[in-house]
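The values are calculated or read from the model by the stated rules, or taken from the named source; none is laboratory data. Small disclaimer: the values here were computed from a predicted structure and weren't measured. Here the Cβ is made from the backbone with ideal geometry for all residues, glycine too, and neighbour counts use every protein chain on show. Heavy atoms of the whole protein, side chains included, go into the accessibility calculation; ligands, DNA and RNA do not. Shrake-Rupley method; radii C 1.70, N 1.55, O 1.52, S 1.80 Å.
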Amino acid sequence: MKKRPFITLEQARQIAREVPTPFHVYDEAGIRANARRLKEAFAWNKGFREYFAVKATPNPYILKILKEEGCGCDCASYTELLLSEAVGITGHDVMFSSNVTPEQDMRKALEMGAYVNLDDATYVEFLENLCHGRLPETVCLRYNPGGSFCLSNTIMDMPRDAKYGMTEDQMAGAMNRLQRLGVKHFGLHAFLASNTTTNEYYPELASQLFHLSVRLRNATGAHISFINLSGGVGVDYRPEQPSCDIAVIGEGVRQRYEQILRPAGMGDVAIFTELGRFMLAPYGHLISTVIHQKHIYREYVGLDACAANLMRPAMYGAYHHITVLGKEDAILDHVYDVTGGLCENNDKFAIQRSLPRIEVGDMVAIHDTGAHGFSMGYNYNGKLRSAEVLLKEDGSFQLIRRTETPKDYFATFDCTEFAFGE
Ligand SMILES: *Cc1c(COP(=O)(O)O)cnc(C)c1O
């Protein structure tokens, strides 16, 4: 399907008069409508809850919008917990799904009353020591089935090579021990494939976790109160890719629930999700201006944004669609490499991409940057982090994070010994 930006050239120019490019812009109306579709797709499950994966877009204004749509937060670090707390998201509205967890982080999660999701059976003792014997009533355990994870005979990922989670035997052992320590309810969690664009991922994962929960209940007598399907539902980064239909996904999970859990007397289990990409990616663009062009063995277009603002193309070779604003319907009769200015040859947003004729001063929208975009940014080459802007439902915009300045970049040095210019 043709990809259209949610912002016009006129709107982008208007923002750029106050917030120079590059900047990330988010579409409030799109975020809210999508969050409502997700909720609707799982409305059949009484306890359903989405815990937004904060790492995807760690901005309190975005978390606040999602909170208004009924979402909690999925955090994995101390600062993500602080961010969630600052928005007033605490207690069971927080899922703490961390790994290689520092003591300080786990202590903070417990203090906030978050659900803690244990990555390993050895964390039972860790928790025991931190809680001085007074454990939370509910504890979540992360599962790793090993082997390969397949959907219709295609290998999606290799859990046996992944560092996350524990084996079924370790889960049973942990549940027995936790019950002796007074834990009354359990959650089960697994994340087995990332950015899936088939409607089959969640239903297949649910099926595996539902069967697992019946076996673990039978083996340990423990009460399982929720199943956390985690993240992994993907988005169509390429125009020719299929997109996920969340209503079909929700219905697929419901059918497995009716087939597996309800007959086992487990019809009270709540379904949780920890989506990041699906919630935000399509509702963010990186807006950038063309500042140079060069013609050597290839045609190059140089932007004022670089991989430090969006790492996915350089890191994973990921495709991000590009629209030249104001030329949405022009013919794609030129072929360009679209680059940033890092001293790194992999700093290319697009390689040999068909685009309309481009001029210096044109503004481009790089699509699907709302998740794992700004958040994966870095400061290599002394490049500064960009601003983040919210395009509100009424068409006005709000600066939700200012652009970094040299002063921010130098803030961690001792400024009494060295004097930095601005
Ligand atoms: C990254 C992550 C998510 C979100 O993944 P998406 O692919 O963005 O949906 C959810 N849960 C955990 C534990 C994660 O690490």
Problem set entry | Point-to-point label distance, ALA162-ALA247, nm (Cα→Cβ direction, 7 Å offset) | 3.0 nm
Exercise. Which pairs in the list LYS3/LYS294; LYS2/LYS46; LYS2/LYS383 are over 29 Å apart, alpha-carbon to alpha-carbon?
Worked result: LYS2/LYS46; LYS2/LYS383
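How would HIS292, HIS92 rank on accessible area, largest to smallest, probe 1.4 Å?
Numbers: HIS292 125, HIS92 95 Å².
Solvent-accessible surface, decreasing: HIS292, HIS92.
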Exercise. Tell me, what ³J(HN,Hα) does each residue in segment 269-282 have, in order and in whole Hz, if you take phi through Karplus 6.51 cos²θ - 1.76 cosθ + 1.60 with θ = phi - 60° and put x for Gly and Pro?
Worked result: 6, 8, 9, 10, 10, 10, 7, x, 3, 4, 6, 10, 3, x
For this session: Express the accessible area of the chain per residue in Å², computed with a 1.4 Å probe while the remaining protein chains stay in the model.
Result: 45 Å²
Exercise. Once phi is turned into ³J(HN,Hα) by the Karplus curve 6.51 cos²θ - 1.76 cosθ + 1.60 with θ = phi - 60°, what whole-Hz value does each residue of segment 389-397 show in order, with x for glycine and proline?
Worked result: 10, 9, 8, 7, 4, 8, x, 7, 10
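With a cap of 12 neighbouring Cβ atoms within 10 Å, and only residues DSSP puts in a loop, list the trypsin sites (Lys or Arg not before Pro) found in segment 320-387.
Working: sites: LYS327, LYS348, ARG353, ARG357, LYS383, ARG385; in loops: LYS327, ARG357, LYS383, ARG385.
Qualifying residues, ordered by number: none.
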For this session: Please report the relative contact order for segment 28-281, taking Cα pairs under 8 Å with a sequence separation of at least 6, and give it as a percent rounded to a whole number.
Result: 22 percent
Exercise. GLY377: net charge of surrounding residues, Cβ under 10 Å, Lys/Arg +1, Asp/Glu -1, itself excluded?
Worked result: +1
For this session: Please work out how much accessible surface LEU110 shows to a 1.4 Å probe, ignoring ligands, DNA and RNA, in Å² rounded to 10.
Result: 40 Å²
Problem set entry | Cα→Cβ-extended label distance, 7 Å offset, between ASN345 and ASN381, nm | 1.5 nm
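Let me have the 222 nm mean residue ellipticity of the chain computed from DSSP H runs of 4+ only, each contributing -39500 (n - 2.57), with the sum over all residues rounded to the nearest 500. Could you put the intermediate results ahead of the total?
On the way: 12 runs with 118 residues, N = 422.
Helix-only estimate at 222 nm: -8000 deg cm²/dmol.
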Seminar exercise, completed: Long-range amide H partners of TYR237, meaning residues 5 or more apart or on another chain whose placed amide H is closer than 5 Å, are none
Exercise. When all protein chains stay in place, what accessible area (Å², nearest 10, 1.4 Å probe) is found for GLU200?
Worked result: 80 Å²
For this session: Taking only Cα atoms and a 10 Å spring cutoff, compute GNM fluctuations for the chain and point out the largest among ILE331, ILE31, ILE15.
Result: ILE331
For this session: Could you check the simple spin-label distance between HIS334 and GLU417, using points 7 Å along Cα→Cβ, in nm with one decimal?
Result: 4.9 nm
Problem set entry | Amide H within-cut-off set for ALA270, under 5 Å, with H built and near neighbours excluded | PHE226, ILE227
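Scale the Cα Rg of the chain by the rule-of-thumb value 2.2 N^0.38 Å and send over the ratio, two decimals.
Numbers: Rg = 23.1 Å, N = 422, 2.2 N^0.38 = 21.9 Å.
Computed over Cα atoms of the chain, the ratio equals 1.05.
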Problem set entry | Per-pair calculated FRET efficiency, R0 = 41 Å: ALA86 and ASN218 via Cβ, rounded to 0.05 | 0.45
Seminar exercise, completed: For the chain, the accessible surface attributable to carbon and sulfur atoms (probe 1.4 angstrom, ligands and nucleic acids excluded) amounts in percent to 49 percent
Seminar exercise, completed: When every protein chain stays in place and a 1.4 Å probe is rolled, GLU258, GLU18 sorted by accessible area with the largest first are GLU18, GLU258
For this session: Would you mind checking segment 1-29 for residues with the amide N under 19 Å from a putative spin-label position 7 Å along Cα→C-beta of GLU393?
Result: 6-7, 26-29
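Mean projection of the alpha-carbon convex hull of segment 282-410 over all orientations, in nm²?
On the way: hull surface 34.0 nm².
For segment 282-410, averaging the hull's shadow over all directions gives 8.5 nm².
Which loop chymotrypsin sites (Phe, Trp or Tyr not before Pro) in segment 378-422, with loop taken from DSSP, have no more than 12 other Cβ atoms within 10 angstrom of their Cβ? Provide the component values of the computation, followed by the final result.
Details: sites: TYR378, TYR380, PHE397, TYR409, PHE410, PHE413, PHE418, PHE420; in loops: TYR378, PHE413, PHE418, PHE420.
Passing sites in segment 378-422 are TYR378, PHE413, PHE418, PHE420.
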Seminar exercise, completed: For SER243, the accessible surface traced by a 1.4 Å probe with all protein chains present amounts, in square angstrom to the nearest 10, to 70 Å²
Exercise. Between the helical axis of 168-180 and the dominant principal axis of the chain, each derived from Cα atoms, what acute angle in degrees is found, rounded to the nearest 10?
Worked result: 60 degrees
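If you rank LEU130, LEU205 by how much accessible surface each has, with a 1.4 Å probe, what is the order from largest down? Intermediate values should be presented prior to the final figure.
Details: LEU130 20, LEU205 0 Å².
Most to least solvent-accessible, the answer reads LEU130, LEU205.
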